[in-house]
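Notes to accompany the following structure.
Nothing in this text is a laboratory measurement; each read-out follows from the coordinates by a stated rule. Keep in mind that this is a model prediction, so the values were computed, not measured. Methodologically, a virtual Cβ is constructed for each residue, glycine included, from the backbone with ideal geometry; neighbour enumeration extends over all protein chains shown.
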Amino acid sequence: MKTEFGKRIARHVEDVWAQRTVKKFIADPRASQERLLRNLLYRAADTEWGRRYSFADVMDADDIIEAYQSAVPLRDYEAYRDDVKRVRAGAADVFWPGNFYHFAVSSGTVSEGRIIPVSIEMLHFERRLSLTMARTYIRNSGRADMLRGKMLFVPGRVEEDPQNKANKIGEVSGLVSLISPRIGRHYYEAVPRAILALPDWGSKLDAIVEATLQMDIRAIAMVPSWAVVLFSRLISRYNSVHGKSVTSLREIWPNLTAFFSGGVALSSYRDLIEQQAGPGGVDFVEAYGASEGFFSFQDRLYETDMLLHLENGVFYEFVSAGDTSAAPRRYSIADVETDVRYQLYVTTCSGLWSYAVGDVIQFTSVDPHRIIVSGRSTEKMDIYGEAVHGDEARKALEHACCETNASIRDFHIAPITLTKNRMPGHQWLIEFEVAPLDLDRFALELDRHLQTINRHYVIRREAEAFTAPEIIAVADGTFYEWLKRDRKIVSAQTKVPRMSDERRIANEVLSISRNNT
């Protein structure tokens with residue numbers, strides 16, 4: 001058993017290692033990525049996928065990146081689905097050596113969604129990136145006093161895999177928390193694991209409020225969509241207990257310093273969190289991660305772009321977002337340019353090989369490599385962490401139509417913006433062929449179905465971090481009129497965008513509908 005002194009030495013060594021790792025990949029990004037790719041291929045050479053794509057031969061090539069891209073095709077989740085089912089059932093050495101016991105729900109439900117295997121190596125990489133981000137913030141800000149109080153860390157939900165009790169399955173932040181050192185939990189974490197393990201988000205947030213009401217909270221690390229709900233409940237409860245009328249977090253936690261954000265784009269919540277924080281505010285530090293891995297972190301105060309971590313168990317490939325050819329050019333870290341929109345593909349120490357993450361990123365700098373996330377390459381609504389895919393939206397509409405004897409011609413989904421007095425949500429603009437007799441029931445059925453098929457959506461609805469869908473029936477001919485105004489040529493192949501992360505289309509459609517009624 002390590003002594004306290006030994007643990008401190010170990011933490012210091014890890015900190016020095018993390019700093020050196022960042023300096024190393026900044027100095028020679030291509031070499032770092034080539035070395036990482038070679039190691040991944042070596043580790044997986046004797047797996048089923050390693051033999052299928054001749055990883056042993058690829059490793060011997062002079063240009064390992066070119067050889068890899070020639071041997072291994074780009075792929076999406078459907079290429080993995082059957083093998084993931086086998087791995088969840090206990091199959092070993094399929095696309096990564098050994099067995100998997102941790103799985104992240106990328107979208108959908110535990111039973112039918114996109115389930116991403118997460119190796120123990122990846123969990124350790126992700127934990128180290130979180131520590132690197134915190135230590136980088138302390139060095140940049142000089143706020144070492146952050147460590148003199150408690151950190152409110154709220155990971156996602158994790159549960160026993162219903163298909164295999166040996167596995168844990170859930171949000172990746174929750175999986176990472178399973179391997180966090182006990183000493184860190186004892187000295188820094190504000191909330192005991194018994195509270196964090198509560199399955200119902202509403203009950204969990206209330207319990208966190210009670211546990212932290214009198215604490216010296218100095219930093220917060222959580223998904224911002226939960227934060228705005230938690231902070232509202234905290235302020236309300238504090239006023240109820242103390243008979244006061246405080247309006248901000250800083251009146252309750254005066255030493256609050258930093259908000260570490262991940263899982264959902266911070267930009268959708270930042271203004272409201274700043275209002276909730278109150279005078280003095282907090283420093284925001286954002287990370288970009290997904291079920292497939294943690295990719296980048298904000299390494300400079302007051303800048304919104306993030307440093308792409310090139311030694312975190314992930315080999316990156318990039319495809320121009322405008323390239324729709326059957327064999328698009330695949331760029332490596334050495335070839336990318338600034339201000340170009342790229343689809344992101346990753347090869348990881350969890351056995352993902354040239355896998356489509358589904359995000360579009362842009363480089364703001366290539367020395368070092370810093371990025372922003374500029375959108376999705378797939379049909380998906382995920383501004384607030386709801387992760388509703390296009391196929392799920394269509395299934396929910398089909399269910400609502402079936403239950404209310406309705407039918408639709410066209411539809412478009414837009415965000416309902418988060419405000420101080422209203423949680424975010426989705427606005428569904430629908431042109432009905434046959435309208436339901438009761439539009440409220442249609443909305444209820446749609447909402448219920450989404451909650452049965454999408455884990456991320458139902459968790460946010462349970463925690464009151466997301467409002468029920470707002471259904472607006474638009475006038476006949478509205479979408480066709482919009483297409484004529486928006487597109488130079490309207491043909492049978494011209495489609496209304498089903499989803500949008502901003503409201504331009506929705507506002508234009510609503511304007512046309514009002515003029516047509």
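Below, the figures for the structure above:
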item	result
Other-chain or far-sequence residues with amide H under 5 Å of Ser107's (modelled H)	Arg114
Amide N of segment 30-52 lying under 17 Å from the label point, which is placed 7 angstrom from the Cα of Ala334 along Cα→Cβ	30-39
Potential lengthening between Ala166 and Tyr302 on full extension [0.36 nm per residue; Cα-Cα distance subtracted]	44.6 nm
Mean Kyte hydropathy of 0.0 or more with a Cα span along the axis of at least 20 Å, helices from DSSP in the chain	224-242
Spin-label pair Lys244/Glu210, simplified geometry with 7 Å Cα→Cβ offset, distance in nm	2.1 nm
Long-range HN-HN contacts of Arg376 with modeled amide H, under 5 Å	Val360
Amide hydrogen neighbours beyond the local backbone of Gly425, cut-off 5 Å, H modeled	Ile416, Thr467
The chain: translational diffusion in µm²/s, Stokes-Einstein, Kirkwood Rh over Cα pairs, 4 °C, 1.567 mPa s	53 µm²/s
For the chain, calculated [θ]222 nm from helices alone, where every DSSP H run of n ≥ 4 adds -39500 (n - 2.57)	-12000 deg cm²/dmol
Pairwise label distance in nanometres, Ala144 with Gln275, each label 7 Å out on the Cα-Cβ vector	3.8 nm
Arg503 versus Ala56: modelled label distance in nm, points set 7 Å from Cα along the beta carbon direction	6.1 nm
Extension gain (nm, one decimal) between Asp63 and Lys495, 0.36 nm per residue minus Cα-Cα	151.3 nm
Which of Thr419, Thr47 has the fewest Cβ neighbours within 10 Å, and the rest in rising order	Thr419, Thr47
Whichever aspartates and glutamates have a C-alpha closer than 17 Å to that of Lys484, once near sequence neighbours (fewer than 8 apart) are set aside	Asp410, Glu431, Asp476, Glu508
Value in Å of the Kirkwood radius, where segment 380-516 supplies the Cα pairs that are averaged	15.4 Å
Cα lying deepest toward the dipole's positive end in segment 380-516, options His426, Ser500, Pro436, charges on Cβ	Ser500
Cα gyration tensor shape for segment 113-265, rounded if a/c is under 1.5, else prolate or oblate	oblate
Residue exposure sequence - Lys168, Lys420, Lys24 - by fewest surrounding Cβ within 10 Å	Lys420, Lys24, Lys168
Rounded to the nearest 20 debye, dipole of segment 380-516 from Cβ charges on Lys, Arg, Asp, Glu	480 debye
